[in-house]
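Let me begin by presenting the structure, written as structure tokens, before commenting on it.
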Amino acid sequence: MRIKNLTEYNKEKEKFKISPEKFWAEKADTFTWHKKWDEILNWDFHKANINWFSGGKLNITENCLDRHLSSIGDQTAIKWIANDPNEKNIDITYIELHQKVCQFSNVLKSKGIKKGDRICLYMPMVPELAVAVLACARIGAIHSVVFAGFSAKSLSDRINDASCKALITADGGFRGSKITPLKEIANEALANSPSIDFCIVLKRTNSKIEMVKNRDFWWDEEIKKSSTNCPAESMDAEDKLFILYTSGSTGKPKGIVHSTAGYMIYAQYSFENVFQYNEGDIYWCTADIGWITGHSYIIYGPLLSGATTVMFEGVPTYPDAGRFWEIVEKNNINIFYTAPTAIRSLEAMGNDYVRKYNLNSLKVLGTVGEPINEDAWNWYFKEIGGNTAPIVDTWWQTETGGIMISNLAGINKAKATFATLPLPGIEACVVDENGEEMKKNNIEGKLCIKFPWPSIARTIYGDHQRFINTYFSAFPGKYFSGDGCYKNKDGLFRITGRVDDVLIVSGHNLGTAEIESAIDEHENVCESAIVGYPHQIKGNGVFAYVICHHKPKDEKTINTEINNLITRHVGPIAKVDKFLYVEGLPKTRSGKIMRRILRKIASKEYSNLGDTSTLLDPNVVENIILESKK
Ligand code: WT7
């Protein structure tokens, strides 16, 4: 049911206008159900209650796997590429993937896992990660994948928040020339995670690790004991499928919850339409499965569509900066989806790395995660896409489950730095400070969505009130994204970045509060404030303003100590790029740090700091500027 041209595109938009329910029911009809739904949609954005296809019964893995077996069973489902270019790649067909998933489902069942139990996955980018995700879904367990770059503390926080019963991990993970000691980190986390009954460990790096008797089991040994036959659990359309943590402006990370049918329908619909997936295409998304992009566009979207999805274990610069392009050539990649930060860093390495390879197989290029600057866009289009492959700039979020705003490749026109238009079925709008929709073109405001779509998050795990407060209370009746947006004279959307205290660094979503609390652990630190500043490669760099009890004797030492604390409490991705030691922070009378001012100073914009009249002590700003200019 892919939209194949502009006429069909406009027809779809028209169909949605006439009846949103019918529009989505038509998409839902193309899937395998045990029982069809009683009601298409029931929603209330004030209470943040959203139900799609209530009463329907299904299992997402039957739609990813079983229904393809008779037609494309021998086609490669997952094409796995190892970190080390000399290690053999692995192609897993749909039939084989189905068997592996069933087998691991049986392992989980034999250890007492039941529908509704939460399972944490902390794994490298190996096929077993996809297998474990799908095995959870097959038996109705809720997966919570934690990115393998997170620290022990972040891991145990996430396990505890959802009271996970099991942890699936590996001895270690290869990333470039490094090994991440996953089991060692997991052991530290498990010391503080009493809800875990058992832990399954995949052997990947052959690192020497400590296994705890009666708690830890080897993946391979367990698999050997299991049958490859496992009937799929019948799930309610609204049963939880997974939890995925994302940073917030304040407080601890939020466990975003997605449910079964709506997520499935939208992941498939958006995948096939945005990338214009054609039967037989080789598709590669370079994200990690630890992020939503990997969930929706490495695993679920492509498998639901019967595609061949590439999974890459390594990093773009190992063994050298030509690695991505070597993989594209060797594997005849047709659709390639990556992040602006990768594009910028590879552009900076020079064109020789690109021109060594034949990239003619590429038909569609995608970008996601942060705004892409015009220069990077042009380089991507010219050097990678040979001036012909259309670029899709896809705006979406962990909370939206799938791509919300993007052109469809080759159907409606791309424009550098613009995500362009909402997909058919998505009612995005831009609102002013008072929440009034700005209906005209050539305006700038905040990005909202006014009507539910099937893959909208359903809640924050264990804290529905926080879900309401974060997304549905700033502009009652609308979902608020937290992003700023400019709509040009033709009505095209450009995302201008976060308007809250979330920082997007190299496409990773970081909460300022989390980083600050890690910094504040240092014995010499009284208080700190984190802001972003423009960074050539990362998009945003992390800038820390730090107040110390005693003036640090040696700034280099304390910088390293603070970054070690951040690595331990959050993860290395959140490390500070620039430190500024100050005597005070600009605060309002109510005690809120005015980050707007700190952001300007971090970007070396000293004039035009805006209204400072509500500051408790305006002199603080003068002092910070003096320090910053030193
Ligand atoms: C935030 C969501 C969605 C998968 C990856 C990130 C920013 C995302 C774009 C884009 C400009 C973008 C937004 C958004 N963002 N895509 N194409 N152009 N900004 O998911 O970690 O939930 O982050 O990423 O600021 O709110 P996430």
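The values are calculated or read from the model by the stated rules, or taken from the named source; none is laboratory data. As the structure is a computational prediction, the values presented were derived from the model and not from experiment. Backbone-built Cβ (ideal geometry, glycine too); neighbour counts: all protein chains shown. Accessible surface areas use protein heavy atoms only, side chains included; no ligands, DNA or RNA. Shrake-Rupley method; radii C 1.70, N 1.55, O 1.52, S 1.80 Å.
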* ARG355 being of a type in the set (Lys, Arg) and open to solvent by less than 20 Å² (accessible area, probe 1.4 Å) -> no
* List every residue pair whose Cβ atoms sit under 9 Å apart, with the two residues 6 or more apart in sequence or on different chains, where the first one lies in the stretch 360-379 and is part of a helix (DSSP H, G or I) and the second, anywhere, is away from the ligand (no atom under 15 Å from the Cβ) and not charged (D, E, K, R). => TRP379/LEU346; TRP379/ASN351
* Using the structure shown, decide if ALA232 is closer than 26 Å to LEU421 by Cα and not acidic (Asp, Glu). => no
* Test result for TYR283, under 27 Å from the mean Cα position of the chain (by Cα), modelled with pLDDT of 95 or more and within 16 Å of the ligand (Cβ to nearest atom) -> no
* Asked: If we only count helices (runs of 4 or more DSSP H) wholly inside the stretch 266-355, which ones have 3 or more residues that are in contact (Cβ under 8 Å) with a residue 12 or more places away in the chain and of a type in the set (Gly, Ala, Ser)?
  -> 340-348
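Residue by residue, here is whether (1) open to solvent by less than 20 Å² (accessible area, probe 1.4 Å); (2) over 28 Å from the mean Cα position of the chain (by Cα); (3) under 30 Å from TRP377 (Cβ atoms); (4) free of Cβ contacts under 8 Å to residues at least 40 places away in the same chain holds:
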| residue | (1), (2), (3), (4) |
| --- | --- |
| GLN536 | no, no, yes, no |
| ILE562 | yes, no, no, no |
| VAL570 | yes, no, no, no |
| LYS575 | no, no, yes, yes |
* Does the stretch 438-454 hold any residues that are assigned to a loop (DSSP other than H, G, I, E, B) and within 21 Å of the chain's Cα centre (by Cα), and which are they? -> PRO452, TRP453, PRO454
* Does GLY511 meet the test of being under 24 Å from ASP611 (Cβ atoms) and within 16 Å of the ligand (Cβ to nearest atom)? -> no
* Structure fact -> Per the filter on the stretch 438-456, residues among the β-branched types (Val, Ile, Thr) and either open to solvent by less than 10 Å² (accessible area, probe 1.4 Å) or without any contact (Cβ under 8 Å) to a residue 24 or more places away in the chain (or both) are ILE449, ILE456
* Positions within the stretch 274-286 being surrounded by fewer than 24 Cβ atoms within 10 Å (Cβ to Cβ) and either polar (S, T, N, Q) or within 19 Å of GLY369 (Cα to Cα) (or both), in sequence order -> GLN276, ASN278, THR286
* Is it the case that LYS100 is out of contact with any Ser or Thr (no Cβ under 7 Å at 6 or more places or on another chain), in contact (Cβ under 8 Å) with a residue 24 or more places away in the chain, crowded, with 20+ Cβ neighbours inside 10 Å and not in a strand (DSSP E or B)? -> yes
* Asked: What is the one condition in (1) open to solvent by 40 Å² or more (accessible area, probe 1.4 Å); (2) in contact (Cβ under 8 Å) with a residue 60 or more places away in the chain that LEU616 does not satisfy?
  -> (2)
* Members of the stretch 232-253 that are modelled with pLDDT of 95 or more, assigned to a strand (DSSP E or B) and in contact with an Asp or Glu (Cβ under 8 Å, 6 or more places away or on another chain) -> TYR245
* Structure fact -> Screening LYS88, LYS15, LYS36 for residues that are open to solvent by 70 Å² or more (accessible area, probe 1.4 Å) and either touching a helix residue (DSSP H, G or I) at 6+ places or on another chain (Cβ under 6 Å) or small (Gly, Ala, Ser) (or both) leaves only LYS15
* open to solvent by less than 10 Å² (accessible area, probe 1.4 Å), among the β-branched types (Val, Ile, Thr) and over 21 Å from ALA389 (Cα atoms) - does that describe any residue in the stretch 226-239? -> no
* **Single match in GLY435, GLY462 (criterion: more than 10 Å from the ligand (Cβ to nearest atom), in a loop (DSSP other than H, G, I, E, B), surrounded by fewer than 17 Cβ atoms within 10 Å (Cβ to Cβ) and modelled with pLDDT under 95)** => GLY435
* Asked: Filtering the stretch 392-424 down to residues that are away from the ligand (no atom under 11 Å from the Cβ) and part of a strand (DSSP E or B), which residue is most open to solvent (accessible area, probe 1.4 Å)?
  -> LYS415
* Asked: So is ALA389 more than 14 Å from the ligand (Cβ to nearest atom) and farther than 24 Å from HIS258 by Cβ or not?
  -> yes
* Structure fact -> Taking the stretch 73-109 and keeping only residues that are closer than 30 Å to GLY322 by Cβ and either of a type in the set (S, T, N, Q) or at pLDDT below 95 (or both), one is left with GLN75, THR76, ASN83, ASN86, ASN89, THR93
* Checking LYS487 against (1) modelled with pLDDT of 95 or more; (2) within 16 Å of the ligand (Cβ to nearest atom); (3) touching a helix residue (DSSP H, G or I) at 6+ places or on another chain (Cβ under 6 Å), the condition it does not meet -> (3)
* To do: Could you please give the count of residues in the stretch 1-10 that are closer than 21 Å to LYS450 by Cα and open to solvent by 30 Å² or more (accessible area, probe 1.4 Å)?
  => 1
* Structure fact -> Taking the stretch 471-496 and keeping residues among the hydroxyl-bearing types (Ser, Thr, Tyr) and either outside any strand (DSSP E or B) or open to solvent by 10 Å² or more (accessible area, probe 1.4 Å) (or both) leaves TYR471, SER473, TYR486, THR496
* Can you name the residue in the stretch 519-528 that is under 14 Å from ILE566 (Cβ atoms) and in contact with a strand residue (DSSP E or B) (Cβ under 9 Å, 6 or more places away or on another chain) and, of all such residues, is surrounded by the fewest Cβ atoms within 10 Å (Cβ to Cβ)? -> ASP520
* without any contact (Cβ under 8 Å) to a residue 40 or more places away in the chain, over 19 Å from LEU108 (Cα atoms) and not small (Gly, Ala, Ser), is that true of GLU188? -> yes
* Asked: Going through the stretch 44-60 one residue at a time, which ones are touching a residue at least 40 places away in the same chain (Cβ under 8 Å) and either under 25 Å from the mean Cα position of the chain (by Cα) or open to solvent by less than 40 Å² (accessible area, probe 1.4 Å) (or both)?
  -> PHE45, ALA48, ILE50, ASN51, TRP52, PHE53, SER54, GLY55, GLY56, LEU58, ASN59, ILE60
* Failed criterion for PHE543 (all others in (1) of a type outside the set (Gly, Ala, Ser); (2) under 27 Å from SER151 (Cα atoms); (3) open to solvent by 50 Å² or more (accessible area, probe 1.4 Å) hold) -> (3)
* The lone exception for ALA457 - which of (1) more than 13 Å from the ligand (Cβ to nearest atom); (2) of a type in the set (Gly, Ala, Ser); (3) within 20 Å of the chain's Cα centre (by Cα) it fails -> (1)
